[in-house]
Amino acid sequence: MEDPDKKTEVVLLACGSFNPITNMHLRLFELAKDYFDETGKYKVIKGIISPVSDAYKKKGLISADHRVTMAKLATKNSDWVEVDDWESSQSEWVETVKVLRYHHQKLLSSDPTNSLQNALPLTKPGRKRKQEPNRHDPIKKKNQSPDIKSTPQIKLLCGSDVLESFGIPNLWKLEDITEIVQNHGLVCISRAGSNVQKFIYESDVLWRHKNNIHLVEEWITNDISSTRIRRALRRGQSIRYLVPDVVLAYIKKNNLYNPESEDKNAGVVLAPLQKYASDSKN
Amino acid sequence: MSMKSRIPLILLACGSFNPITNMHMRLFELARDHLHQTGRYQVIEGIMSPVNDDYRKKGLVPARHRVAMAKLALETSDWIRVDPWESEQETWTETVKVLRHHYNESLRLLQYKKEFIKNKQPLEGSTENSLSSHYTVLPELKLLCGADFLQTFQTPNLWKKEHVKEIVEKFGLVCISRAGSDPAQYISESELLTKFQHNIFLVKEWIQNEISATQIRYALCRGLSVKYLVPDSVISYIAHHNIYTEESERKNEGDLLQPLQLHNTTVSPLND
């Protein structure tokens, strides 16, 4: 058996609308955890669900209060995945990279063994290497006393659709993508036969950091998208066993998804598109 | 709209349920939505009937466990239930006989309810009318299955032709099809199925959700998570009784499926 202290601790962060949360979202976490556990090198210590704020302005996006509540209900039976409402409670839309920075900082400040070694480099987030002091420095790690664990890494967990959205003009800033894959890392759950490999190959920045992109193949096709769940709800079709029962009960009780809610933000430009499109004009 | 003028319908799913997964429950939900949308049927019950141990399928764990897991999974459903009758028979039972049994049971229940109303009639004459119409319409029993099921009709020696005929003629099929499969084609390729296609309901699955029990067992043997694919209560049961192991997966290895064995023998023995 390997010494468990040698394993790099990983926190998985999933950003998205969660409108509503489905069993598929919860599966992404389970698949990623199994993957890291099997490498023998990583230990997943936590999963965080971070619903996007209302300011994202996505069509049909219902209020964050409800989305956060549903996600909390859905993760009640999980002993390692939790919901964080920091992102959703911001008055403006927050770039994903900033959500990663926030959670990285929070992890460090909550871990007293790391406060001395790592507090300084992290005052300047986004700089190369500094967020992963042990990564390129195995000799130094050996000299550390065994009770001092390495900094937990925070990795962005996503489906292949998010990775492929990197290619949509004005949705992401190149420097943000760079920081995500360089300083944090990506875990992408992909379906057999998906184009993720090709997509990485065709992107210079993703290719350069491909060692920090973990592709996890899904062994059971599970295509429970929130869009389809909302459509079924509007049509009065059953969504049982696709979302947790507690979430279904909450949706019914609060009559959350209907034609009016689907029209929300109709015709409004997504916050990132609005922001970066005007940036590029300036 | 009046639900009372609709034909009461019972859905029966036969299978290994080894173990039951969320997909099995989804088949019922999808079928009920579809049948209600036709405007002609009122689904009154769903029955899951786990196959007998004597079926001899590879990796088939004891029926008592499969029935217990299905019961746990259906604890929160108000219309689907497990029925252990098939699994409690001495030997493997042909699907058509399982259908006959449950149809007779439903008729017996209907008779019982009629008697009950008749006995109450002098006391509650006013409510009798509405109730009796609901209880006197004969229910239909249909076999619920996945898309791959229609294909198995073609497997040599797996089905007797007269049984397939009875299933589609007297009972009917509700078949949930997955994206990419074309059950309409299997039907057109079979004269028998084409003849009774009015009795075969094809339901398109709008969310791809292929949780095969085989994949679940592989994952369990490898120590992988099956959370959110199988209800939590079933996962705890599996862990508590250590049901799926490499050893359990080897069960019935190399055995011929019971239907294949039975239908293969040209000379039938005298013992039946």
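Structure summary
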quantity	calculated
Per-peptide average of other Cβ atoms within 10 Å, ordering B:14-20, A:70-76 highest first	B:14-20, A:70-76
Amide hydrogen neighbours beyond the local backbone of B:VAL82, cut-off 5 Å, H modeled	B:MET48
Solvent-accessible area buried by B and A, counting both chains, probe 1.4 angstrom, square angstrom	2400 Å²
Placed amide H near B:VAL43: partners under 5 Å, 5+ positions off or other chain	B:LEU9
Share of alpha-carbon pairs per 10 Å distance bin for region A:36-85, given as whole %	24, 38, 25, 13, 1
Estimated distance in nm for a label pair at B:ARG108 and A:SER63, the labels positioned 7 Å out from Cα along Cα-to-Cβ	5.5 nm
Under-5 Å amide H pairs with A:LYS264, H placed in peptide plane, nonlocal only	A:GLY60
Average beta-carbon neighbours from other chains, 10 Å sphere, peptide A:255-267	0
Whole-Hz ³J(HN,Hα) from phi, Karplus 6.51 cos²θ - 1.76 cosθ + 1.60, for region A:181-196, glycine and proline x	7, 7, 8, 10, x, 10, 10, 10, 8, 10, 8, 4, x, 7, 9, 4
Percent of Cα pairs exceeding the 22 Å cut-off, where the set is chain B	62 percent
Inter-site label distance for A:SER78 and B:GLU247 at 7 Å from Cα along Cβ, in nm	3.4 nm
Volume of the Cα convex hull of the protein assembly as shown, divided per residue and given in Å³	206 Å³
Distribution of pairwise C-alpha distances over region A:1-109, 5 Å bins, in %	2, 12, 21, 21, 19, 13, 7, 3, 1, 1, 0
3J(HN,Hα) from dihedral phi, region B:245-257, Karplus parametrisation 6.51/-1.76/1.60, rounded to Hz, x for glycine, proline	9, 4, 5, 5, 5, 8, 4, 6, 4, x, 6, 7, 4
Test item: A:21-29 mean partner chain Cβ contacts at 10 Å	3
Probe 1.4 Å, accessible area per residue of the protein assembly as shown, Å²	50 Å²
Spin-label pair B:ARG64/B:ALA239, simplified geometry with 7 Å Cα→Cβ offset, distance in nm	2.3 nm
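The values are calculated or read from the model by the stated rules, or taken from the named source; none is laboratory data. Here the structure is a predicted model, which means the values were calculated and not measured. Backbone-built Cβ (ideal geometry, glycine too); neighbour counts: all protein chains shown. For the accessible areas, the whole protein counts, side chains as well, though only heavy atoms, and no ligand, DNA or RNA atoms are used. Shrake-Rupley method; radii C 1.70, N 1.55, O 1.52, S 1.80 Å.
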